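The values are calculated or read from the model by the stated rules, or taken from the named source; none is laboratory data. Owing to the predicted nature of the structure, the values given are computational and were not obtained by experimental measurement. Ideal geometry is used to build each Cβ from the backbone, glycine not excepted, and the neighbour counts take in all protein chains shown. Protein only, heavy atoms only, side chains kept; ligands, DNA and RNA dropped before computing areas. Shrake-Rupley method; radii C 1.70, N 1.55, O 1.52, S 1.80 Å.
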Amino acid sequence: NKEELESALKCCFASEKTLMRAIKNLKKKYGIGTVIVTTGKRGAIAYDGRKFYRAVPLKTKKAFSTVGCGDAFTAGIAYGIEKNGDIETCLRLGTAAAAANLKASGACFFKKEDVFGHLSAARVRRI
């Protein structure tokens, strides 16, 4: 996530542009295939070496807790990778899993059907 990346790099991303520059540098320096950084209520930013993407967080009515949302997002991404999804599909699955987690009464206590129930509303934009 953004705060952990700031801590690891001993810096503060004053703008989305500086975060995107850091993401690009991480990919180049370490040869990472795709870099994804969660940004809390702003969703996540991903970079695949060609384009940047924003996973737009879903608005949910009755959110129990944000605890576990980052883990749920990561699980959705992993599921998408396992199913050979492209970057946009993986980000949508991550977003849908995080939304399902918000409605669960406990961290990551949701069902696969809950994730797929949010999938049609999950949006990814190229930035």
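Below, the figures for the structure above:
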item	result
Positive-end residue of ALA75, ALA100, ALA44, charge dipole of the chain with Cβ unit charges	ALA44
Sorted largest first, extent of the stretch 1-44 alpha carbons per principal axis (Å)	28, 21, 17
Under 29 Å from LYS111, Cα to Cα: lysines that are on another chain or at least 8 residues apart	LYS2, LYS41, LYS59, LYS61, LYS62, LYS83, LYS103
Share, in percent, of DSSP beta bridges within the chain that are antiparallel, nearest 5	100
Cα centre as origin, Lys/Arg/Asp/Glu Cβ charges: the stretch 62-127 dipole, Debye	240
Spread of Cα-to-Cα distances over 10 Å intervals beginning at zero, given as percent, for the stretch 14-99	17, 48, 30, 5, 0
Helix 69-82 vs. the chain, principal-axis angle (Cα, 0 to 90°, nearest 10)	80
Per residue, in Å², the accessible surface of the chain once ligands and nucleic acids are set aside, probe 1.4 Å	62
Positive minus negative residues near ILE127 (Lys, Arg vs Asp, Glu; Cβ under 11 Å)	+4
Accessible area of the chain belonging to carbon and sulfur atoms, whole % at 1.4 Å probe	54
Electrostatic dipole magnitude of the stretch 20-112 [Cβ: Lys, Arg +1; Asp, Glu -1; Cα centre; debye, to 20]	360
Farthest toward positive dipole pole in the chain [+1 Lys/Arg, -1 Asp/Glu at C-beta], among PHE64, ASN84, TYR53	TYR53
